[in-house]
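Have a look at the structure below, then the notes.
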Amino acid sequence: MSRPARALLDAGALKHNLQQVRLHAKRARVMAIVKANGYGHGLAWVARTLGESADAFGVSSIEEGMQLREAGVTRPICLLEGFFNNDELSLLSKQHLEPVVHHDGQLKAIMKASPMLKLTVWIKADTGMHRLGFAPAAVPELVKQLRSASAVAGIRLMSHFARAEFPDDDVTRSQINDFAGVSRNLELETSLANSAGILAWPSSHLDWVRPGIMLYGASPLMDKDAATMGLKPVMTLESALIAVHARKKGDAIGYGGDWRCPEDMPVGVVAIGYGDGYPRHAPPGTPVLVNGQRVPTVGRVSMDMITLDLRAQTQAKIGDPVVLWGKGLPVEEVAESAGTLSYELLCHVTERIPRVVV
């Protein structure tokens, strides 16, 4: 028998979530964001599962782009951080990888590039995220320069939201207005909406939308859960009980002895820990499912194990299934308990956890 920890991947849920994107953004093309190993689900698996249903894919770097090409993905691929050195340009052209251009060094390299190259580029306008991109006022001149560049075959324009997860947000409203102002009269395809924009800001849909976290079945919004919006979890992280002990009142559980049994009680041990990507900072009381029923964690998270209060599951035994998040237990809820985001939990599931497609 192998260690029971594994990540179950639901291909039907992934395809369903893409359909939810299209229901909200009916007229826009979809760039499915699959960076960070497909948010922990497997870069190639996500892209191949979505296949031709996505109009393009978004990754962070040329390395991720090449992984997709080597996996047989033929759709356009956008490199969201652009290129990191000028030597990448010929490969970008050959493999039809579309870099985001967000600083002057990249612009200069493209302007000097061989006319034999044929690049489609995305200009990044900084409308308020203040991370990457050019000032909106600079964009018209950048477009003019790139249109004169012999290596450029196509130009598109994008920006990125900073606070779209908050409803009725003035910053988001300002970003939408500023992006509309900068893109007006440029006659370019445009993209602004991330998952939160798709679900909460319909005026941001434009020509392309860029769903990320919603594809994987987690909510990007602060005030709504995923199920309410018709999203289904793609990953269910599960394991099993590997020990059940009858503990006495006052027994200290785990490293540091921080948590003590308030009464005589059963305590279970699960084969999962921070070495697998379960959050080390998840406090006692973080929910898991044992045999489909909620029970709280106790003690500290160890590298390979966590411990559970089984007073609500007194018949639980070694081998019984444990769900850490996924079907029946939203990853957002676990993330909130751990003081983090669903994005982080999904991306941090390590390679030693087998991915099993169901």
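The values are calculated or read from the model by the stated rules, or taken from the named source; none is laboratory data. It should be emphasised that the depicted structure is a prediction, and the values quoted were computed from it without experimental measurement. Every residue, glycine among them, receives a Cβ derived from its backbone with ideal geometry; neighbour counts consider all protein chains shown. Side chains included, ligands, DNA and RNA excluded: accessible areas come from the protein's heavy atoms. Shrake-Rupley method; radii C 1.70, N 1.55, O 1.52, S 1.80 Å.
Data for the structure
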read-out: Of all residues making up region 11-34, the number that are closer than 30 Å to residue 270 by Cβ and either out of contact with any Pro (no Cβ under 7 Å at 6 or more places or on another chain) or open to solvent by 30 Å² or more (accessible area, probe 1.4 Å) (or both); value: 6
read-out: Qualifying residue in region 159-174 (condition: in contact with a Ser or Thr (Cβ under 7 Å, 6 or more places away or on another chain), in a helix (DSSP H, G or I), β-branched (Val, Ile, Thr) and under 25 Å from residue 18 (Cβ atoms)); value: no
read-out: Meets criteria (at pLDDT 95 or above, open to solvent by 30 Å² or more (accessible area, probe 1.4 Å) and in contact with an Asp or Glu (Cβ under 8 Å, 6 or more places away or on another chain)) for residue 264; value: no
read-out: Number of positions in region 202-229 that are surrounded by fewer than 22 Cβ atoms within 10 Å (Cβ to Cβ), of a type in the set (A, V, I, L, M, F, W, C) and modelled with pLDDT of 95 or more; value: 3
read-out: When residues of region 182-191 are limited to those that are without any contact (Cβ under 8 Å) to a residue 60 or more places away in the chain and in a strand (DSSP E or B), the one surrounded by the fewest Cβ atoms within 10 Å (Cβ to Cβ); value: 189
read-out: Considering residues of region 308-325 that are surrounded by fewer than 23 Cβ atoms within 10 Å (Cβ to Cβ) and touching a residue at least 60 places away in the same chain (Cβ under 8 Å) only, the residue nearest to residue 233 (Cα to Cα); value: 323
read-out: Top-ranked residue in region 110-146 [being assigned to a loop (DSSP other than H, G, I, E, B) and over 20 Å from residue 172 (Cβ atoms); ranked as most open to solvent (accessible area, probe 1.4 Å)]; value: 116
